[in-house]
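Note sheet for the following structure.
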Amino acid sequence: TFAPSARLTITKTPDDNRAGINQARDFTITVSNTGAGPATNIRLNDVLRSGNAAAYSITAPTGTTANATDGFDTTFDLAPGASRTFTFPAQASAVGVYCDVATIVSYTNGAFGNVTPTLSDEACLTVTAPTLNIVKTLGTVDAAGAFTPIASGVTVAPNAPVYARITVSNNGNADATNVVVTDALAQNTVAANYALSGNVTAAPQTVAVTK
């Protein structure tokens, strides 16, 4: 017996495979029938294969059912030459790599009956974030401009100039933009006894500093 046969393909791609924390990125799954026969009862399953499931979430496309593995399930038919596309957002609340797999679990191929193919495609989302750290140290500066920290517990004389060195570092895996640093007098300090005796003596050339 000769009969037309369906031939299915599946692709899954993210609009952008990098994101910040809680920044949604769209995934698109396309299933196509390039064969000469219809495919009916196509079961599509989408799951998170790797990554911290507790931090990852998607919004299941309209007409599909969300499942317990951060994905969705749906069933549909495809005529010869037809295709079906599902687009949905995914995001994560923690840095890491999250790999999501879409699989055609089974379908009915006309006269050939039920088929359980090995058709799947994986797409990954890499979530990055800056991790800022700030350190403030008090010390003295010599004539050559070298900074020497003052040891803990040392008391300086009244009206002796003391320099503060503030270092901000990014130990994360993404850029930190528009970083604002504010240095203010602590509430338990008598303002009348304290003053900045001059402007900032050294700062990165591209950073604007306001006294």
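Values in this text are rule-based calculations from the coordinates and carry no lab data. The structure displayed is predicted, hence computed values, not measured ones. Neighbour counts are summed over all protein chains in view; Cβ atoms, including those assigned to glycine, are modelled from backbone coordinates with ideal geometry.
Annotation: amide H of Ile150 within the under-5 Å range of Leu138, Gly139, Thr140, sequence separation 5 or more or interchain, hydrogens built in the peptide plane. Using R₀ = 30 Å, calculate the FRET efficiency as 1/(1 + (r/R₀)^6) where r is the Cβ-Cβ separation of Ala143 and Asn173; round to 0.05. Computed FRET efficiency for Ala143 and Asn173: 0.15. Measuring between their Cα centroids, region 34-91 and region 190-211 lie 57 Å from each other.
Couplings for region 135-149, taken from phi via the Karplus curve 6.51 cos²θ - 1.76 cosθ + 1.60 with θ = phi - 60°, read 10, 10, 10, 9, x, 10, 10, 8, 4, 8, x, 7, 8, 10, x Hz in order; Gly and Pro are left as x. If the chain linking Thr87 and Tyr194 were pulled fully straight, counting 0.36 nm for each residue of separation and taking away their Cα-Cα distance, it would gain 32.5 nm.
Dipole orientation for region 1-88: of the candidates Phe88, Ala24, Pro14, Pro14 has the Cα lying most toward the positive pole (charges on Cβ; Lys, Arg +1; Asp, Glu -1). Values of log10 I(q)/I(0) for region 151-211 across q = 0.20, 0.24 Å⁻¹ run -1.07, -1.30, by the Debye formula with one identical scatterer at each alpha carbon and no solvent. Between Thr118 and Ala68, the modelled labels are 2.8 nm apart [label points 7 Å from Cα along Cα→Cβ]. With the charge dipole of the chain set up from +1 on Lys and Arg Cβ and -1 on Asp and Glu Cβ about the Cα centre, the Cα lying farthest toward the positive end among the listed residues Ile150, Ala160, Thr108 is that of Ala160.
About its Cα centre, the dipole of the chain is roughly 220 debye, where the only charges are +1 on Lys and Arg Cβ and -1 on Asp and Glu Cβ. A simple rule links phi to the HN-Hα coupling: the Karplus curve 6.51 cos²θ - 1.76 cosθ + 1.60 with θ = phi - 60°, which for region 199-211 gives 7, 4, 7, 8, 7, x, 4, 8, 9, 7, 10, 10, 6 Hz, with x for Gly and Pro. With kT/(6 pi eta Rh) evaluated at 10 °C and eta = 1.306 mPa s, and Rh the Kirkwood radius from Cα pairs, the chain diffuses with a coefficient of 71 µm²/s according to Stokes-Einstein.
Normalised by the number of residues in the chain, the average gap of Cα pairs under 8 Å and 6 or more apart makes the relative contact order 20 percent.
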